[in-house]
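One structure below.
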Amino acid sequence: MTRNEQEARLRRAPDAPGAPSSDFDLNPKVVLPEGRKLRPAGVLAAFRPGAKGLDLILTKRSSRLKHHPGQIAFPGGKVDPGDADEVAAALREAQEEVALDPGQVEVLGTLPPHETVTGFVVTPVIGLVHGDFTPVPEPGEVDEVFAVPYAHVTDPERYSVQWRRWRGQRRLYYTVPFGPYYIWGATARMLRALAERVQP
């Protein structure tokens, strides 16, 4: 598939049919409390030209962070009072975490929100990066910035379901490993939702 074909599919993804997702999709026996308060957040699924088509920009969170240290994640975070919406939050966080200028990002749209076990409702923002971009990890939050080929993260066959004990229960989750990077949990689930939307 050419880069132009990949880009065309990404442009169609926000309008493709699909329901919201959550960390509980594979665990239907989990009973969620009524009236729970979810904090809004935005993450940026930013694609840039790579050696063989488009590449997705992901981060390895700092091992010094209190929450999810060392995990693979999109640039992004919670919506702050100064943010207009989840898209603005995703762009601001990407600039803070990896030095991606918001002016270089063409926002293609958003996917349905994803609820996490940590009480966030996360909006994935799909974007294309234009122009030269050299990632600069924010030392306090990001240990590494790396790229994963479009062909890898949009192939449903590369996803598997695994499990581990969490709060005394068996919890199932998606994974889509890439080389030394173990992509799992909410990040993998949101990417799986994207993969479903870019199929022919």
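The values are calculated or read from the model by the stated rules, or taken from the named source; none is laboratory data. Because the structure is predicted, anything quoted here is derived from the model rather than measured. When we count neighbours, we look across all protein chains shown, and the Cβ atoms used for this are built from the backbone with ideal geometry, even at glycine. Keep in mind that these areas ignore ligands, DNA and RNA; they rest on the heavy atoms of the full protein, side chains included. Shrake-Rupley method; radii C 1.70, N 1.55, O 1.52, S 1.80 Å.
For this structure, a couple of remarks:
- Heavy atoms of residue 15: accessible area, 1.4 Å probe, square angstrom to 10: 140
- Stokes-Einstein diffusion coefficient of segment 1-126, Kirkwood radius over Cα pairs, 37 °C, 0.692 mPa s, in µm²/s: 207
- Anchor residue 60: lysines whose Cα lies under 25 Å away (excluding residues fewer than 8 positions away in-chain): 52, 78
- Each other residue within a Cβ distance under 10 Å of residue 129 adds +1 if Lys or Arg and -1 if Asp or Glu, for a net charge of -3.
- Over segment 41-90, the fraction of Cα-Cα pairs per 10 Å bin, rounded to whole percents and listed from the shortest bin up, is 25, 38, 31, 6.
- Helical contribution to [θ] at 222 nm, DSSP H n ≥ 4, -39,500 (n - 2.57), averaged over the chain, rounded to 500: -6000 deg cm²/dmol
- The residues of the chain expose on average 52 square angstrom of accessible surface per residue, using a 1.4 Å probe on protein heavy atoms.
- Highest to lowest packing among 54-63, 34-43, scored as the average C-beta count within 10 Å: 54-63, 34-43
- The residues packed around residue 96, meaning those with a beta-carbon under 10 Å from its beta-carbon, carry a net charge of -3 if Lys and Arg are +1 and Asp and Glu are -1.
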